[in-house]
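Okay, structure first, notes after.
Only the coordinates and a few stated rules stand behind these numbers; no lab work does. These numbers were taken from a predicted model, which means no experiment stands behind them. For neighbour counting, all protein chains shown are included, and Cβ atoms are generated from backbone atoms with ideal geometry for every residue, glycine included.
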Amino acid sequence: MLTINDRRLRGVEAILRPRRVAVLGASAVGGKSGNFALGNLRSGSRSDDVVVVHPRADVVEGLTAVSEPPADLDVALLSLPAAAVLPILHTLQSRGCKAAMIPSAGFTETQLAELYAFAATADMVIHGPNCMGTINVTDDVALWFYEDTLVSQERGGVALVSQSGSATFLTRATEAVGFSKIVSTGNEIDLTCADYLHWLAFDDATTAVGLVLESIRDLPAFVSAARALRQAGKPLVALKVGRTALGSTAAKAHTGALAGQDAAYRALFTRLDVPLVDDYDELASALACLSTPDLPRPASRQVAVVTDSGGEAGLAADLSTRHGVTLPSFSPDVQVVLGEALPGAAINNPLDAGASPLADDDAYEVALRALGRDPEVGSVMLIMEAHQGLTKGEADYFDDVCELLRNLADEGYGKPLVAVSSSSYATHPVVRERLGSQVPLLRGIGNGFAALSALAGNSRPVPDAPSRPSYLPSAEEIAALRSRVNGPLPVDLVRALLDAYGLPVVDATIAPDADAAAQWACQRYPVVVKVASPDVAHRSDIGAVELDIRDEQSLRTSITRIENAVRQTHPDAVIDGFEIQQQVEAGVEVVVGFATDPVFGPTVLVGRGGTLVELEPDVAIGLAPLLAGEAAALLAETQLGKLLAGYRNLLPATDVQPLLDVVDRLAWLANDFAGVLAEGDLNPVIVHPGTGLPVLVDALFITCEPEESK
């Protein structure tokens, strides 16, 4: 069932399936974006339902114009200067218009604020501003402000939704894809990409969706839309642009500097099982596969590659590591078949089928049929020379291969079988024609891997929010702790937070002076001494941490040195005392932390820790709180995970479950203190080899700035 609210649903329907459209801003002399929109409308199926509104002209583009918008419009196209938009919106609202589309850019901050305020209370919806429009290819309705661009489309089942207008051109130009709908949402002052995705989930003409995304405006709506598409069996493939993490240098905790927006978006799409591609070519290649009739979905991202060149085989092996696919070893039975078909050739993946001088003419067929039966293989890629620069004679050379691929597809290969040109140059029309419609011909090996990886996505249900474990503190306990957070956190409050979430903290105390420190430490040497001050974040950076203290005299000397170091570097710092910790046996240093993303809220991080955590980052980032299994998946992304698994016997294989428990608990802490705590580090967490038992020896929490906590 649709969870999108009725106003937005009605608005999308009015835009994509309008019955009556008004165009405002078309010029009596032509040449304006309004004229282009009018021409596109008149060339489509809504040619009799178009009203031209012009304050002075009687005729525009051969149509009689009216001076005021009529009542009961489905959608009004406002090709107007920014200053003229808001007054006409009020008029349209009063006359029952369901939707307005605004292609204009150049709004001032004040004008944008007024548009936001209008949209927040209006019955009608607003599409844009700064957009190119929409094209309903299925029903031949183009609300499109550009002349002779994208309006004439090959019909198909793929919808493209893009916040970037230029992406609609670039994606369409790369591969032959049949479209159902093309939507340029622009700046999304009201309707967002999520609204269109949700509507497309229930559009019978749409079978798959491509998304070009700059930002998510409404996270719950986006997740709901992704869930609706998944339930409808319609794959979604996304390209996220603008992925640099500006502002990370302002972060105070290590986690804030390491966690960027790109990582948060990737964490979201991983959770939703929505494949992410890296550029327009990869998106177009994925959409080309999704628009191929009856192309099977792969059971895995394990790809078998067949080529006739050792150089291409090596290049394919290199490129596979960048695109989220693996090249598995072939099963023993298949290796036997391949060895017999290709005598003298090395039976590896990628498979160089041209390396056997003794191969029979049917070697390609034997190899491809064998790979189609191999349970280790999820999909098969055949690399061939198919670029546009081939002569006709060179293109004819591939006739037999094209016929073989076409026949295998017609027989029902059982897994995706794609042909890939070794170059990203445009493909040869003769080769494309001879492959037929059931075998995708993609441009470039990397694009082929990206497409096959994308095909393997959208395989899991979109998950619900994580269930809250019973071991976490109660709402009353959380409220009491939140009320104590006001400005920099003293060490005792940090300890209270850690204890509340059951995090394994080293045995420690806060000593007000050297005498108290000596009394506590007398039965616990060796110990560690740190300044206890809410005004000093990274204590080791200023010499406010001393290790391996083994007697009282050394302890007193260390306290004096630390106090002097703080007074020199932070003369106004409040010193609450000195944190005395029992020194922990050496182990693997891990960082577990959280940061606050402006779109997604708290994100959690795990990876190699210590003082070089930012200089040599090895971390993975997820959305807090974590779902079951996500902490393990994050750890597996890191080199730390490989090390703890016993890589090259550098360490004994280590039980990682206690560390994963720390990650899960800190993720819930970050969630529960959102709006109060902006960032946090547990660095280092000492993980003991073998047992995996973790001990927290240092923690830092950064409170939100006043504007962040609103």
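Contact order normalised by length for the chain, with contacts defined as Cα pairs under 8 Å and 6 or more residues apart; what percent is it?
Working: 1510 pairs, mean separation 64.6, N = 710.
Worked out over the chain, it gives 9 percent.
Long-range amide H contacts for Val505: which residues qualify at under 5 Å (H placed 1.01 Å from N, peptide plane, sequence gap of 5 or more or a different chain)?
Long-range HN contacts for Val505: Leu696.
Evaluate E = 1/(1 + (r/R0)^6) for Glu114 and Thr91, where r is the Cβ-Cβ distance and R0 equals 22 Å; express this FRET efficiency to the nearest 0.05.
It comes to 0.90.
Zone of Asp72 (label point 7 Å along Cα→Cβ, backbone N under 18 Å): which residues in segment 122-136?
The answer is 124.
At a Förster distance of 35 Å, what's the computed FRET efficiency of Ala480 paired with Lys642, Cβ-Cβ distance as r, to 0.05?
0.25
From the phi of every residue in segment 327-335, what ³J(HN,Hα) in whole Hz does the Karplus formula 6.51 cos²θ - 1.76 cosθ + 1.60 yield, where θ is phi - 60° and glycine or proline is x?
Karplus-based 3J(HN,Hα) across segment 327-335 equals 10, x, 5, 6, 5, x, 4, 5, 4 Hz.
Take the Cα atoms of segment 500-637, build their convex hull, and give its volume per residue in Å³.
149 Å³
What ³J(HN,Hα) values, in whole Hz, does the Karplus curve 6.51 cos²θ - 1.76 cosθ + 1.60 give for segment 338-352 when θ = phi - 60°, with x put for Gly and Pro?
Values, residue by residue: 5, x, 6, 6, 10, x, x, 8, 6, 8, 10, 10, x, 9, 8 Hz.
So what is the relative contact order of segment 303-455, in percent, for Cα pairs below 8 Å that sit 6 or more residues apart?
Result for segment 303-455 is 26 percent.
Using amide H atoms built 1.01 Å from N in the peptide plane, name the residues 5+ places from Gly577, or on other chains, whose amide H lies under 5 Å from its own.
Ala532
I'd like the distance between the alpha-carbon centres of segment 94-140 and segment 273-294, rounded to an integer number of Å.
One Cα centre to the other: 29 Å.
How large is the Rg to Rh ratio of segment 1-130 when both quantities use alpha carbon positions and Rh follows Kirkwood?
When Rh is taken as the Kirkwood radius, the ratio is 0.96.
For Ala232 and Asp655 in one chain, what is 0.36 nm times their gap in residues minus the Cα-Cα distance, to one decimal in nm? Walk me through the numbers on the way to the answer.
Values: separation 423, 0.36 × 423 = 152.28 nm, distance 4.03 nm.
Working it through step by step, the gained length comes to 148.2 nm.
What percent antiparallel are the DSSP beta bridges of the chain, to the nearest 5?
Rounded to the nearest five, the antiparallel share is 50 percent.
Among the aspartates and glutamates, which fall within straight-line cross-link reach of Lys181, defined as a Cα-Cα distance under 15 Å, with same-chain neighbours fewer than 8 residues apart omitted?
Glu13, Asp139, Asp140, Glu154, Asp195, Asp203, Asp204
Name the long-range amide H neighbours of Thr185: under 5 Å, sequence gap of 5 or more, or other chain; modelled H, no Pro or chain starts.
The list, which skips near neighbours in sequence, is Ser162, Gln163.
Quick one: compute the contact order of segment 507-582, relative version, from alpha carbon pairs under 8 angstrom and 6+ residues apart, as a percent. Walk me through the intermediate numbers first.
Working: 131 pairs, mean separation 37.8, N = 76.
About 50 percent, as a whole number.
Would you kindly state how much longer the chain becomes between Asp492 and Ser467 on full extension, computed as 0.36 nm times their sequence separation minus their alpha carbon distance, in nm to one decimal?
Roughly 6.0 nm would be gained on extension.
Looking at segment 181-227, which trypsin sites (Lys or Arg not before Pro) are in a loop (DSSP not H, G, I, E or B) and have at most 10 other Cβ atoms within 10 Å?
none
Which label marks the calculated value of Rg/Rh (Cα atoms, Kirkwood Rh), given the options (1) 1.06; (2) 1.16; (3) 1.02?
(1)
Give the Rg (one decimal place) followed by the Dmax (whole number) of segment 31-97, computed from C-alpha coordinates and expressed in Å.
Cα radius of gyration and Dmax of segment 31-97 are 11.8, 32 Å respectively.
Add -39500 (n - 2.57) for each DSSP H run of 4 or more in the chain, then divide by its residues: what number comes out at 222 nm, to the nearest 500 deg cm²/dmol?
Helix contribution divided over all residues of the chain: -10500 deg cm²/dmol.
What's the magnitude of the charge dipole for segment 530-572 around its Cα centre, counting Lys and Arg as +1 and Asp and Glu as -1 at the beta-carbon? Answer in Debye, nearest 20.
40 debye
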